[in-house]
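What follows is a single structure, written as structure tokens, with notes after it.
The values are calculated or read from the model by the stated rules, or taken from the named source; none is laboratory data. Since we're looking at a predicted model, the values are computed, not measured. Cβ coordinates were reconstructed from backbone atoms using ideal geometry, including for glycine residues, and neighbour counts include every protein chain displayed. We work out accessible area using only protein heavy atoms, side chains counted, and drop any ligands, DNA or RNA first. Shrake-Rupley method; radii C 1.70, N 1.55, O 1.52, S 1.80 Å.
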Amino acid sequence: MEILGKVEYMPSSRAEPKQERARRTRAHILEMAAELFAERGYATVTLQDVAERASMTKGAVYFHYKNKEDLAVAVVQEHYARWPVILEAVSARELPPYEALVAVLDRVTEAFRDDVVVQAGARLQIERSLIDADLPEPYVGWEDYLTGLVEEVEKAGELRAGVTPRSAARVLVSAFFGMQHVSDVLSRRSDLAERYAELRTVVLEGLRD
């Protein structure tokens, strides 16, 4: 059944194991909350809003998430859970170092463009001062990971003279996350592909010898 262009959430069959039903319900609530957090930010979203978006009662939402902070933390954690899948998929392609670096950022750009959980997690991290809960530390993991990729570029003799892997990684993290944030604020990421193409030309190509 469709409501205002969205598929109404319908409970699964009673024959489905209880544990699996609970997992599916939690995932559905999290996805609906992510939509709201991405659209409106943390401060104005209530659990009642989430319940209405999920086509559930507020009590049902409370059963799975004790408060809005708990739900925000779950969204951010799921945001970070997306990245290992992407990184493993790129690694499996066994690309040359520079092409691997580009491929990772290509895929991350697609995630920011298409995945509402990724979008919501990024916004919640920016609004972390409003959330009375501990969130994962942002950016540091990406800096470490990209440093490793750029080190491989350096070993291949492709890194521009005078550039260190760590400094390159810091610049890439700052440029990339700043780029996607500006795209979100100004166009709700509708121009993200164009902005990323510019970053590839100016920043990524600028790393090569």
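Pick from Arg208, Arg188: which is open to solvent by 50 Å² or more (accessible area, probe 1.4 Å), closer than 30 Å to Glu39 by Cα and at pLDDT below 95? Only one candidate qualifies: Arg188.
With respect to Asp144, is the statement that it is part of a loop (DSSP other than H, G, I, E, B), in contact (Cβ under 8 Å) with a residue 12 or more places away in the chain and charged (D, E, K, R) true?
Numbers: part of a loop (DSSP other than H, G, I, E, B): no; in contact (Cβ under 8 Å) with a residue 12 or more places away in the chain: yes; charged (D, E, K, R): yes.
Criteria not met by Asp144.
Tell me whether the range 162-185 contains one or more residues that are acidic (Asp, Glu) and open to solvent by 50 Å² or more (accessible area, probe 1.4 Å).
Within the range 162-185, the subset acidic (Asp, Glu) is 184.
Restricting the remaining residues to those that are open to solvent by 50 Å² or more (accessible area, probe 1.4 Å) gives none.
Checked against the condition, which is being acidic (Asp, Glu) and open to solvent by 50 Å² or more (accessible area, probe 1.4 Å), the range 162-185 yields no hits at all.
As for the range 90-101, it holds no residue that is open to solvent by less than 20 Å² (accessible area, probe 1.4 Å), among the β-branched types (Val, Ile, Thr), modelled with pLDDT under 95 and more than 16 Å from Leu36 (Cβ to Cβ).
Quick test of your reading of the structure: Arg53 fulfils all but one of (1) among the basic types (Lys, Arg); (2) more than 23 Å from the chain's Cα centre (by Cα); (3) at pLDDT 95 or above. Name the failing condition by number. Status for Arg53: all satisfied but (2).
Of all residues in the range 27-61 being charged (D, E, K, R) and either open to solvent by less than 10 Å² (accessible area, probe 1.4 Å) or free of Cβ contacts under 8 Å to residues at least 40 places away in the same chain (or both), which is nearest to Glu127 (Cα to Cα)? Reasoning before the result, please.
First, pick out the residues of the range 27-61 that are charged (D, E, K, R): 31, 35, 39-40, 49, 52-53, 58.
With the extra rule that they be either open to solvent by less than 10 Å² (accessible area, probe 1.4 Å) or free of Cβ contacts under 8 Å to residues at least 40 places away in the same chain (or both), the set shrinks to 39-40, 49, 52-53, 58.
Details: Glu39: 13, Arg40: 11, Asp49: 19, Glu52: 23, Arg53: 22, Lys58: 24 Å.
Top of the filtered list is Arg40.
Does the range 68-82 hold any residues that are closer than 15 Å to Leu135 by Cβ and either outside any helix (DSSP H, G or I) or under 15 Å from the mean Cα position of the chain (by Cα) (or both), and which are they?
Within the range 68-82, the first condition is being closer than 15 Å to Leu135 by Cβ, and the residues that meet it are 68-81.
Ala72, Val73, Ala74, Val75, Val76, Gln77, Glu78, His79, Tyr80, Ala81 - these are the residues of the range 68-82 that are closer than 15 Å to Leu135 by Cβ and either outside any helix (DSSP H, G or I) or under 15 Å from the mean Cα position of the chain (by Cα) (or both).
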